[in-house]
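In what follows, a structure is listed as structure tokens, so that the remarks can point back to it.
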Amino acid sequence: MSEEMITACFQLITYVGTARSCYINAIQCAKEGKFDEAAESLKMGDEAFAQGHDGHSDLLAKEANGELSETGILLIHAEDQLMSAEGFRIIAEEFIAVYKTLSEGR
């Protein structure tokens, strides 16, 4: 695997790992009733996720253009982390909604 590909994979892993951490933090903030902080954590997570997603899209475009013939466990791991972060985003929104409902006494 080329150094460029390794770097792209680690950047992707870093960005989506940051996003996932932000989403988990958003849930923790909501649990404490800090809904503005939860929203800010979601926003920060979305920004990091977008950077990771852009990097992944670049890799897909290179592959479609025949510029990428390398695959390996590192790329598979990066894509797994991308999907995991996306799932955490969905879960975070649901938990925040539940905590808001509970805090409103409904």
### Query
Looking at the chain, what % of the alpha carbon pairs are farther apart than 17 Å?
54
### Query
Roughly how much of residue 31 is accessible, in Å² to the nearest 10, using a 1.4 Å probe?
140
### Summary
Under the 7 Å Cα-to-Cβ spin-label approximation, residue 36 and residue 104 lie apart by a distance in nanometres of 1.9
### Estimated 222 nm signal from helices in the chain, with DSSP H stretches of n ≥ 4 weighted -39500 (n - 2.57), rounded to 500
-30500 deg cm²/dmol
### Message
Please list the three semi-axes, largest first and in whole Å, of the ellipsoid equivalent to the stretch 17-69, using sqrt of 5 times the eigenvalues of its alpha carbon gyration tensor.
### Response
33, 8, 5
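The values are calculated or read from the model by the stated rules, or taken from the named source; none is laboratory data. Since the model is a prediction, treat every value here as computed from it, not as a measurement. As a convention, Cβ positions derive from the backbone with ideal geometry for all residues, glycine included, and neighbour counts pool all protein chains shown. Keep in mind that these areas ignore ligands, DNA and RNA; they rest on the heavy atoms of the full protein, side chains included. Shrake-Rupley method; radii C 1.70, N 1.55, O 1.52, S 1.80 Å.
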